[in-house]
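Just so it is clear, none of the values below were taken in a lab; they were calculated from the coordinates. Computed from a prediction, not measured in an experiment: that's the story for all the values here. So basically every Cβ, Gly included, is an ideal-geometry build from the backbone, and we count neighbours across all protein chains shown.
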Amino acid sequence: MIEVISKETGNKEMVINMGPQHPSTHGVLRLELVLDGEIITKVRPHIGYLHRCFEKYAEQMDDYAKVIPYTDRMDYVSAINQEHGYVIALERMLELEVPERVEYIRVIMAELQRIASHLLGIGAFGLDLGAFSPFLYLFTEREKILDIFEKVTGARLLYNYFAVAGLMRDVHPEFKTDTAEFVKTFRPKIKELNDLLSYNKIFIQRTANIGVLPEKVAFNYAASGPVLRGSGVKWDLRKNDPYSIYDRFEFDIPVGTGEVGTLGDCWDRYMVRVKEMEQSLRIIEQALDGMPDEGDVMAAIPKRIRAKEGEIYVRTESPRGELGYYIVSDKSASPFRVKARAPSFVHLSLLPAISRGSLIADMVAIVGSIDIVLGEVDR
Amino acid sequence: MAAILIHAAIPLTIILVYALVAIWGERKIAGFIQDRLGPMRVGGWHGWAQSIADLLKLIQKEDIIPTNASRFLFKFAPFMMFAASYAAFAVIPFSSAYIGSMINIGVFYLLAVTSILTLSVIMAGWASNNKWSLLGGMRSAAQMVSYEVPTIATVLTVVLVAGSLNLMTVTEMQAGNDTLGFLPNWLIFQNPFLIVAFIIFFISILAESHRVPFDLPESESELVGGYQTEYSGMRWAMFMLAEYADMLLLSLLGATLFFGGWNSPFGDFMGGPAWGFFWFMLKGLLLVFVMMWIRWTLPRYRVDQLMHICWNILIPLSFINLVLTALWEVIF
């Protein structure tokens, strides 16, 4: 057994490996923990088990559009949002006009995907804390979203649906009614979730005052998305730096309140996600009303995309936070460089800062509450 | 000799049949709670043979012993765990006609024997030479030792009212239907403090048998498999069996102490030894069902919160309850 003597306390400490095959590290994350009893004195995340050379692949593609399927595979839980960021970056770079109908469909799809991603995130969070059934209830709801996606795109997880200045194909004729039906049935489920899990006494005891992320630390580590909002910062790129047609919709930015514990604890991050699902429903409703019934789903663009020499950075709000794409073009057919700024990667670096001094059981809660997807961390 | 063998075989049969039914039942209940079907294939009707198939699979599995494990202790721990809960069944009165061993210190014996469970869990955790197992074993030792205190205090409350340590005698005195004119003479209806005692008892047995929300020793999302991490095949199955046996044992103890054991809830109607066995198992299994129901509903506590509940809430409460029960007995 590897033991180290702590310099500060003089206690014997144990080094323990959490992952890469641990049930609650959400994939292949390996955490090296130094324990004093059950108290964590040091955390060192080790990544790279899921590295698939996204950036190098992107450089090797002979077409900008061929990168889109690879973006799917970064954050496989919210593939649509990943595609969305990339195609917006390309469209801005090439200065392309996107048809109205496409924008609406994209927003609806992106928000549905956000709900699906949050459902998985909070479901797995509950599962980490031992609540098995809510996970399956939430999965039932997620299935309904995936059914809609399957009808539209033909796939359930990795869609390859958004194209440059358009969509791969038009939506299914029943898309509007299906989505409206889902919105109607899903609203009451959020209340049920709050009754069963969010305000459960044991759940609150396990998550309140745990893994507190103060606003200042969040800024220093460049946190974004629900993690940043959980610390009480009103920052959402859909409002603060609107892309697509998000400036047309009315919705709120839920932030952490410290309602049951300290501002910025695990419960706040969790609750921000729950409230965000409601806001996404609001956006979907408005988008369904505004969506034109007829229209092209593909702008007239040249078959082969050739960008001018230059570079662009576009950031969008993925379910996990600020997803940025930095694309450099050298006038050739393939991108010179594509870099993705993955929110999960940034949030993972927060781990040592917020988990010092907590117990192993809290570690599980903290990892669950920052909701990382390892595919996006490693890319 | 033959008599001893028969007395040994009867509880063993009950445990084994119960374990097969309960494991299948738990999966069905979980399925029902979670809007799914659970096992449906093996054996035809609602997958009734699923646990038998699982058992056959486990028997065939390779028995892996880690190289650096302490071989003897590692091999021995699961059997010791099962032996502990199995031995305790000797003093459980299954019906008016059958009890394994009619000893006058039945309750005392039962509590003493089940304490061995803790030992075997530490043994398994330590002998595996795995850090996760060790953490699981340590947690479980702390948990079981702590929760034995409120369990014993509440059992003592019942003994105080019943005036006997013999579970058969305790059951016999709960016969009849006179309480408030219509209720059975079960101890839980005898005085208000016994209701409190039952609640404390039930929480404590949840913790003692490692059920949610107190399933920390084997909480799979934190400690992988806890003390069972390194076990495989039949040895792992022994842990599983012991766990389910322990659950039944404590539920049956609860049924005996608070719900009239093998007494029929309708007085003489459906009475007699055979029906007695039926009523007794029904009461025990209902408690087991509640434990399963809780498991699939609640999240789990953290280890320090668990200790807090035990030492700061349950133990003082159970002792105050004991004193108040004594006063009630003196006054009325």
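A few points about this structure:
- Of the DSSP H helices in chain B, those with a Cα length along their own long axis of 20 Å or more and a mean Kyte-Doolittle hydropathy reaching 0.5 comprise B:2-33, B:71-88, B:131-162, B:192-208, B:233-258, B:273-295, B:315-331.
- Anchor residue A:189: lysines whose Cα lies under 18 Å away (excluding residues fewer than 8 positions away in-chain): A:144, A:275
- Filtered chymotrypsin sites (Phe, Trp or Tyr not before Pro), the range B:122-208: DSSP coil and at most 11 other beta carbons within 10 Å: B:182
- Per residue, the average separation of C-alpha pairs within less than 8 Å and at least 6 apart gives chain B a relative contact order of 23 percent.
- Charge tally for residue A:308 (other residues, Cβ to Cβ under 11 Å; Lys, Arg +1; Asp, Glu -1): -2.
- In the range A:275-363, GluC sites (Glu not before Pro) in a DSSP loop with at most 10 other beta-carbon atoms within 10 Å: A:294, A:309
- Listed by chain and number, the lysines whose alpha-carbon sits under 17 Å from that of residue A:56, ignoring those within fewer than 8 places in the same chain, are A:66, A:339.
- Between the helical axis of A:266-290 and the longest alpha-carbon principal axis of chain A there is an angle of about 10 degrees.
- Listed residues A:15, A:43, A:102, most fluctuating in chain A (Gaussian network, C-alpha, under 10 Å): A:15
- Folded to 0 to 90 degrees: helix A:132-153 orientation relative to chain A principal axis, Cα: 20 degrees
- Candidates A:287, A:365, A:180: whichever shows maximal mean-square fluctuation once chain A is modelled as a Gaussian network with Cα springs under 10 Å: A:180
- Charging the Cβ of each Asp and Glu at -1 and of each Lys and Arg at +1, and nothing else, the dipole of the range A:216-340 about its Cα centre rounds to 740 debye.
- Charge context of residue B:292, other residues only, Cβ under 11 angstrom, K/R +1, D/E -1: +3
- In this structure, the residue pairs whose Cα-Cα separation is over 29 Å, taken from B:28/B:61; B:75/B:283; B:61/B:131; A:42/A:191, are B:75/B:283; A:42/A:191.
- Net charge of Cβ neighbours under 15 Å - reference residue B:113; Lys, Arg +1; Asp, Glu -1: -3
- When trypsin sites (Lys or Arg not before Pro) are flagged only if DSSP places them in a loop and at most 16 other Cβ atoms lie within 10 Å, the longest unflagged stretch of chain B comes out as B:62-332.
- Computed from Cα positions, the angle between helix A:79-94 and the longest principal axis of chain A comes to roughly 50 degrees.
- Highest-fluctuation residue, B:67, B:151, B:114 considered, GNM on chain B with Cα pairs under 10 Å: B:67
- Lys, Arg +1 and Asp, Glu -1 on Cβ, resulting dipole of the protein assembly as shown about Cα centre, debye, nearest 20: 1020 debye
- FRET efficiency estimate (nearest 0.05) - Cβ-Cβ, residue A:187 to residue B:178, R0 45 angstrom: 0.25
- Chain A: calculated mean residue ellipticity at 222 nm from DSSP helix runs of at least 4, using -39500 (n - 2.57): -14000 deg cm²/dmol
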